[in-house]
Structure formats: structure tokens, C-alpha cells
Amino acid sequence: MKLAIISVTNQGALLGNALAEKLAKLGKKADVFAKTGRNPLKSISYDLLSKLIGDIFSKYDGFVFIMATGIVVRVIAPYISDKRVDPAIVVMGDNGKHVISLLAGHIGGANELAHLIAEISDAEPVITTATDLAQKPAADMLAVKLNLKLEPFTQLKTINSAIVNNDTVKFFLDKTLINQNLYDQEAAKQGVIFKDLSQLPNEEYDAAVIITDQLLPINKNQLYLRPLTLAVGIGCRRNTSREEILAAMKDACTQIGRSINSISIIGSTIVKQDEEGLLSVIQQLNVPSIFFVNEQLQECIETYQLEESNFVKKEIGVGNVCAAAAILAGQSNKLLLPKTKYKNVTVAIAPVK
């Protein structure tokens with residue numbers, strides 16, 4: 001987590017530097033900012049807090065503000081977007097007695113950051129997240145710990161509310177997933193015991209949290225936590241729109257009964273590394289991408305005897321982009337979906353090794 005520590009008073013600047021030194025001993029680097037004229041230890045100086053936050057808000061994963069909570073609320077308000085992307089915001093008084101987790105407690109990691117800062121400074125953490133206060137497992141915290149994507153995200157509030165209010169909430173795990181033991185171990189730390197996904201149709205519950213990459217019908221209050229299991233290879237004609245590429249990917253995932261939110265990586269040819277529609281899809285899905293040179297793609301084509309197109313070979317030098325890119329991106333040796341043609345897009349899907 002890339003951290004920034006920001007103060008507005010002399011005492012706060014001293015505390016900020018002390019925190020940074022303690023974090024450094026734990027292997028955690030933090031940049032320290034102090035207001036001009038209130039900077040006795042020569043941290044990074046700033047003149048106007050609102051301008052500083054406007055300049056750096058998107059550049060850090062977490063912030064420790066040493067100042068009044070009201071100041072922090074006002075200064076970060078224009079930049080708050082969505083709990084899935086907001087940074088962790090922690091507030092501390094310049095007397096160092098309390099550490100408040102203010103924003104992005106679970107997904108952003110503010111609760112854990114508040115506990116850490118409190119521990120190293122002998123302060124009291126102030127956590128207001130309902131599931132934490134009730135000492136109950138939160139679905140979004142489990143997702144963070146296991147690197148899973150929430151689907152549909154709008155169900156998260158309903159699920160966590162059901163957990164806090166002692167409704168019957170059950171957790172299910174797809175035992176076909178290769179990392180099931182890891183999921184079981186981490187869930188146990190969160191106080192969660194999984195039932196086998198096969199038991200889902202026969203169980204009574206008010207709400208359910210389900211770890212699987214499979215597409216299943218939603219009959220009740222269900223939240224899916226999607227593991228990143230799929231590598232998708234894409235080929236497309238020049239200037240194909242984001243909407244067309246995304247629609248093809250969704251349909252391809254549906255064909256194999258998988259969620260598009262389980263895509264771990266997208267692969268293609270280096271010829272498409274500047275393709276705006278494809279780059280826009282990669283940004284929207286927020287997944288890594290990799291673009292392969294012809295020699296890599298051709299070797300994969302020959303190794304796995306992949307179908308080739310003479311037209312594509314004439315255009316870019318190799319006869320199959322999507323299937324070869326999927327296998328290479330997933331570091332796999334098989335395809336879940338072979339080369340599938342759409343109007344201006346080809347898609348193939350491989351498992352992630």
C-alpha cells in the first residue's frame with residue numbers, strides 16, 4: 001500500500017515523521033507532507049491542503065491525515081468516487097491518542113491501516129463498520145483477502161446488513177476451484193465455514209455468499225465472489241469499438257458458463273497494443289493485459305496445432321491471435337473456448353494456471 005501522511009500543525013508534523021519512521025522499520029514506506037511554516041523536520045511542504053489533495057489523491061492507496069476529521073471530510077469530498085476504488089482514509093488527532101478509519105474500511109483497507117497505526121503509536125483505533133463492531137465476517141473483507149470480485153456489487157450492502165442483523169446468511173464454495181484449500185484457510189480466519197456449492201439448491205437461507213466462476217441463476221439475495229480463473233485472447237479488426245469487443249467477450253464467457261468478472265488477464269498481438277477499443281475494455285474491466293510478438297504466437301500455434309486463418313496471417317503475420325494469446329496469457333495447455341468468431345472480433349478462453 002502506497003501511503004501518504006499529511007499534517008497541518010507543528011505537532012502533527014512531528015507525529016507524522018515519527019509514524020513514517022516506525023512504518024519504515026516494518027518495511028512500509030510513507031511520504032510525509034507538512035504545511036509550509038509548520039514543518040519542523042523538513043518533510044514535503046505544501047501551501048494549500050485542497051490543492052495538495054487534488055494533486056495526489058489518485059496517486060496513493062492510503063492516507064493518514066493528522067488533523068480534525070471535519071477538515072478531512074471537506075477536503076476529500078470532491079474526489080470520493082466508489083468504495084471499490086477509493087483509497088483508505090485514516091484520521092488522527094495531533095495528540096496521537098485516536099486513529100479513526102474514515103473511508104474505505106474494508107475494500108480500501110482503512111480498518112487494517114487504522115489498527116496498524118494505532119499499534120505502532122500506542123493509540124486507540126476507532127472503527128465504526130457494523131460487521132467489525134458485531135465481530136461478524138463481512139463479504140467484502142473476505143473478497144479482499146481472497147482477491148475476488150464482487151458480483152453484483154449492488155448486493156453487498158444487502159448481504160452485510162443481513163449478516164449484522166443476524167439473518168441466516170450462508171457461505172458456499174465451488175469445490176472444483178483449484179484454490180479451494182486456500183479459500184477454506186482464509187475464510188476460517190474470518191470466521192466463515194463454507195458449504196459445498198452443490199448443496200445450494202437444498203439449503204434454506206435469507207442470503208448467500210457464493211465463491212464460484214460459474215454463471216448460476218440468482219433466486220434470492222445472493223452475492224457472488226468471483227475468482228480470477230480465465231485468460232481471454234482477443235483478435236479484432238482495426239477501430240472495433242469497445243462496446244463490440246465487450247459484447248463479444250461477455251457472450252464468449254456465457255458460452256462456457258463463466259462470469260466475465262472471472263477474467264484474470266487479456267492477451268492479444270502486439271499489433272493491437274494501441275487499439276483504442278481493446279484498451280478501453282481492459283481499463284473498464286481493470287485487468288492486466290499482455291501483447292505477444294509474432295514469434296511467441298506462432299510457436300504456440302505450432303505446439304498446439306491451432307486453426308489458422310490465411311487472411312489474418314496475411315494481415316499481421318500469424319494465422320491465429322486469440323487462441324494462441326489465451327493459452328500464452330493463461331500459461332495453460334488447453335482452451336475452455338476455442339477461437340470463436342464474431343463480426344469484427346475473435347475470442348478464445350483458457351484457464352489460468
Identify the single condition in (1) surrounded by 16 or more Cβ atoms within 10 Å (Cβ to Cβ); (2) under 22 Å from Met1 (Cα atoms) that Leu156 does not satisfy, given that it satisfies every other one.
(2)
Residues being among the hydrophobic types (A, V, I, L, M, F, W, C), under 25 Å from the mean Cα position of the chain (by Cα) and open to solvent by 40 Å² or more (accessible area, probe 1.4 Å) - total across region 1-28:
2
Residues in region 254-291 that are surrounded by 14 or more Cβ atoms within 10 Å (Cβ to Cβ), under 21 Å from Ile178 (Cβ atoms) and over 20 Å from the mean Cα position of the chain (by Cα): how many?
1
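Filter region 86-122 for residues that are open to solvent by less than 20 Å² (accessible area, probe 1.4 Å) and of a type in the set (A, V, I, L, M) and give the result. Write out each step before concluding.
Pass one, region 86-122, residues open to solvent by less than 20 Å² (accessible area, probe 1.4 Å): 86-92, 96, 99, 101, 104-106, 108-111, 113-114, 117-118.
The answer is Ala88, Ile89, Val90, Val91, Met92, Val99, Ala104, Ala110, Leu113, Ala114, Ile117, Ala118.
Kindly evaluate Leu200 against the criterion of being in contact with a Phe, Trp or Tyr (Cβ under 6 Å, 6 or more places away or on another chain), in a helix (DSSP H, G or I) and not polar (S, T, N, Q).
Working: in contact with a Phe, Trp or Tyr (Cβ under 6 Å, 6 or more places away or on another chain): yes; in a helix (DSSP H, G or I): yes; not polar (S, T, N, Q): yes.
Yes; evaluated as a whole, the condition is true for this residue.
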Please specify each residue of region 172-182 satisfying the condition of being touching a residue at least 40 places away in the same chain (Cβ under 8 Å) and either on the phi > 0 side of the Ramachandran plot or open to solvent by less than 30 Å² (accessible area, probe 1.4 Å) (or both).
Phe172, Asp174, Leu177
Find the helices (runs of 4 or more DSSP H) located wholly in region 78-164 whose residues include 3 or more that are within 17 Å of the chain's Cα centre (by Cα) and of a type in the set (A, V, I, L, M, F, W, C), and list them.
139-146
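Here are some residues: Met1, Met67. Which one is under 23 Å from Val126 (Cβ atoms) and touching a Lys or Arg at 6+ places or on another chain (Cβ under 9 Å)? Explain how you work it out, then say what you get.
Working: Met67 fails: touching a Lys or Arg at 6+ places or on another chain (Cβ under 9 Å).
On inspection, the qualifying residue turns out to be Met1.
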In region 330-353, what count of residues is obtained for those that are out of contact with any Ser or Thr (no Cβ under 8 Å at 6 or more places or on another chain) and either under 18 Å from Ser264 (Cα atoms) or without any contact (Cβ under 8 Å) to a residue 60 or more places away in the chain (or both)?
10
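Using the structure shown, decide if Phe63 is buried (at least 17 other Cβ atoms within 10 Å of the Cβ), over 23 Å from the mean Cα position of the chain (by Cα), assigned by the TED database to the domain that holds Gly96 and part of a strand (DSSP E or B). Spell out the reasoning first.
Details: buried (at least 17 other Cβ atoms within 10 Å of the Cβ): yes; over 23 Å from the mean Cα position of the chain (by Cα): no; assigned by the TED database to the domain that holds Gly96: yes; part of a strand (DSSP E or B): yes.
When the stated conditions are applied, Phe63 does not pass them.
Looking at Thr240, Thr212, Thr254 in this structure, which one is within 24 Å of Leu297 (Cα to Cα) and modelled with pLDDT of 95 or more? Explain how you work it out, then say what you get.
Numbers: Thr212 fails: within 24 Å of Leu297 (Cα to Cα); Thr254 fails: within 24 Å of Leu297 (Cα to Cα).
Selected residue: Thr240, the only one of Thr240, Thr212, Thr254 that is within 24 Å of Leu297 (Cα to Cα) and modelled with pLDDT of 95 or more.
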Ile193 is checked against (1) in a helix (DSSP H, G or I); (2) closer than 27 Å to Asp167 by Cα and fails just one. What number does that condition carry?
(1)
Just to be sure I understand, how many residues within region 66-85 are at pLDDT 95 or above and open to solvent by less than 60 Å² (accessible area, probe 1.4 Å)?
9
Within region 29-39, residues more than 27 Å from the chain's Cα centre (by Cα) and of a type outside the set (S, T, N, Q) come out as Phe33, Ala34, Lys35, Gly37, Arg38
Scanning region 216-236 for residues that are at pLDDT 95 or above and either over 20 Å from the mean Cα position of the chain (by Cα) or open to solvent by 10 Å² or more (accessible area, probe 1.4 Å) (or both) gives Leu228, Thr229, Gly233, Ile234, Gly235, Cys236
Limited to region 29-54, what total is found for residues that are charged (D, E, K, R), farther than 15 Å from Leu14 by Cβ and open to solvent by 80 Å² or more (accessible area, probe 1.4 Å)?
3
Could you list, in sequence order, all residues of region 309-338 that are open to solvent by less than 80 Å² (accessible area, probe 1.4 Å) and either touching an Asp or Glu at 6+ places or on another chain (Cβ under 6 Å) or assigned to a loop (DSSP other than H, G, I, E, B) (or both)?
Ser309, Gly317, Val318, Gly319, Asn320, Val321, Ser332, Leu335, Leu336
Taking the condition part of a helix (DSSP H, G or I), more than 19 Å from the chain's Cα centre (by Cα) and exposed (fewer than 15 other Cβ atoms within 10 Å of the Cβ), does Ala188 pass?
yes
Filter region 1-51 down to residues that are more than 29 Å from His106 (Cβ to Cβ) and in a strand (DSSP E or B), then give me how many there are.
5
Does Thr229 meet the test of being under 24 Å from Thr128 (Cβ atoms) and in contact (Cβ under 8 Å) with a residue 60 or more places away in the chain?
no
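The values are calculated or read from the model by the stated rules, or taken from the named source; none is laboratory data. Computed from a predicted structure; not experimentally measured. Virtual Cβ from ideal backbone geometry, glycine too; neighbours counted across all protein chains shown. Quick note on the areas: whole protein, heavy atoms, side chains included, nothing else; ligands and nucleic acids left out. Shrake-Rupley method; radii C 1.70, N 1.55, O 1.52, S 1.80 Å.
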